[in-house]
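Contents: one structure, followed by commentary.
The values are calculated or read from the model by the stated rules, or taken from the named source; none is laboratory data. Not measured: the values here are computed from a predicted model. All Cβ positions, even for glycine, are placed from backbone atoms using ideal geometry, and neighbour counts span all protein chains on display.
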Amino acid sequence: MKYKSILDLIGHTPLVEVRSLSPADNVRMWVKLEGQNPTGSVKDRIALALIEDGEATGALTKDKTILEPTSGNTGIAIAMVAKLKGYRFTAVMPDNASHERVSLLHAYGADIIYSPGAEGTNGSVAMATELAKDKGYYMPFQYGNEANVRAHYEGTGPEILEDLPDVKAFVAGLGTGGTLTGVGRRLKEHDPNIKVFAAEPELGELVYGLRSLEDGYIPPIFDPTVLDGKVKVKARESIVWTKALMQKEGIFAGISAGATIWVAQRVAERLAKDGGGDVVCLLPDGGWKYLSTEAWTQELDVAEEQVEDVLWW
């Protein structure tokens with residue numbers, strides 16, 4: 001196939017069954033591989049949407065520098081789109097971001113302003129908000145921009161329905177809330193009985209790319225009414241199931257993928273009692289941006305204990 005630009009490769013990511021990870025014979029688990037996007041993450045979708053929205057409204061002009069708080073993936077995606085469209089870009093990110101993310105941002109020509117790693121992405125948001133008072137910056141602000149939600153409502157959601165119109169449940173990690181809100185709305189318009197679940201880190205647990213709502217900041221674009229439930233996940237479980245995904249299915253995904261798989265298994269157990277069906281897990285990125293964390297070298301076995309069941313529907 002021929003494409004006029006790398007931007008035309010954003011979206012239309014594959015849906016792959018992970019049969020060995022389903023806990024029930026009557027439930028089929030599928031993963032949507034967002035790591036197949038050009039910069040390796042789901043954030044390519046929103047980066048293009050955010051910048052095109054700024055252009056359409058006139059808020060983004062060539063004399064301005066794009067500024068955005070990020071844990072890494074959104075910054076990398078914006079850096080790529082900005083480079084192709086001729087904009088300068090500055091990322092505000094925690095100083096404990098993985099080496100791969102920092103290197104990619106520099107490779108795309110982005111500038112980086114570091115926020116204290118101990119403050120997580122909340123610290124990046126606070127710092128970027130203060131910096132954005134300078135009129136020389138344009139901050140799309142992924143946490144509060146409806147273009148984030150639209151990218152998933154108009155792209156990710158319809159793609160899932162095209163490939164799997166009878167999907168029974170959708171699971172994604174809780175980050176900006178854009179994926180859950182946008183995909184959730186589109187799926188429920190198709191069928192109000194489709195269930196939507198979030199994987200949310202326990203407070204104080206580091207799961208790259210995900211956030212706990214208990215840490216004091218709720219992204220403005222997140223609509224919790226689309227959720228039918230959520231499960232709290234620990235970093236240990238995320239790493240264990242990210243490794244299991246690779247070892248059992250050969251899929252090399254980012255660490256938050258394990259959190260999504262863990263929650264999807266809890267959903268599958270419940271769905272199995274209701275007749276079974278298909279569960280889709282969104283895997284936001286590939287694993288190569290996390291190699292320096294050495295997560296795959298940790299000697300961890302699949303946890304035997306059961307988590308507290310906080311699902312409902």
Candidate set from segment 54-107 (those that are under 19 Å from the mean Cα position of the chain (by Cα) and charged (D, E, K, R)); member that is surrounded by the most Cβ atoms within 10 Å (Cβ to Cβ): E68
Is it fair to say D44 is touching an Asp or Glu at 6+ places or on another chain (Cβ under 9 Å), buried (at least 24 other Cβ atoms within 10 Å of the Cβ) and among the charged types (D, E, K, R)? yes
In this structure, is T90 modelled with pLDDT of 95 or more, of a type in the set (S, T, Y) and in the same structural domain as G11 (by TED's automatic domain parsing)? no
Of all the residues that make up segment 44-65, how many are within 18 Å of L7 (Cα to Cα) and of a type outside the set (G, A, S)? 9
With the structure loaded, tell me whether K85 is touching a residue at least 24 places away in the same chain (Cβ under 8 Å), out of contact with any helix residue (DSSP H, G or I) (no Cβ under 6 Å at 6 or more places or on another chain) and either within 24 Å of T156 (Cβ to Cβ) or assigned by TED's automatic domain parsing to the domain that holds E214 (or both) or whether it fails that test. yes
Inspect all residues belonging to segment 195-215 and state whether any of them is part of a helix (DSSP H, G or I), touching a Leu at 6+ places or on another chain (Cβ under 7 Å), buried (at least 21 other Cβ atoms within 10 Å of the Cβ) and modelled with pLDDT of 95 or more. no
Within segment 263-286, take every residue that is in contact with a Ser or Thr (Cβ under 7 Å, 6 or more places away or on another chain) and outside any strand (DSSP E or B) and give me the one that is nearest to K230 (Cα to Cα). A268
Hey, could you check segment 139-170 for residues that are in a helix (DSSP H, G or I) and in contact with a strand residue (DSSP E or B) (Cβ under 6 Å, 6 or more places away or on another chain) and say which is surrounded by the fewest Cβ atoms within 10 Å (Cβ to Cβ)? D163
Every listed condition ((1) at pLDDT 95 or above; (2) closer than 22 Å to V231 by Cα; (3) among the basic types (K, R)) holds for K243 save (1)
Which one of T121, T176, T129 is of a type in the set (S, T, Y) and within 30 Å of N193 (Cα to Cα)? T176
Subset of segment 7-18 (residues that are touching a residue at least 60 places away in the same chain (Cβ under 8 Å) and loosely packed, with under 14 Cβ neighbours inside 10 Å): H12
Filtered residues of segment 244-257 (kept if assigned to a helix (DSSP H, G or I), under 10 Å from G287 (Cβ atoms) and free of Cβ contacts under 8 Å to residues at least 60 places away in the same chain): M246
Let me spell it out: the conditions are (1) part of a helix (DSSP H, G or I); (2) out of contact with any helix residue (DSSP H, G or I) (no Cβ under 9 Å at 6 or more places or on another chain); (3) not β-branched (V, I, T), and D63 meets all of them except one. Which number is the exception? (1)
Considering segment 220-232 alone, what residues qualify as being within 21 Å of L203 (Cβ to Cβ) and touching a residue at least 60 places away in the same chain (Cβ under 8 Å)? P220, G229, K230, V231, K232
Tell me yes or no: at least one residue of segment 92-115 is small (G, A, S), in contact with a strand residue (DSSP E or B) (Cβ under 7 Å, 6 or more places away or on another chain), outside any helix (DSSP H, G or I) and closer than 23 Å to S238 by Cα. no
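Matching residues to (1) within 19 Å of E200 (Cβ to Cβ); (2) surrounded by fewer than 18 Cβ atoms within 10 Å (Cβ to Cβ); (3) at pLDDT below 95; (4) not assigned by TED's automatic domain parsing to the domain that holds R211:
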residue	(1), (2), (3), (4)
G250	no, yes, no, no
A264	yes, no, no, no
V279	yes, no, no, no
V310	yes, yes, yes, yes
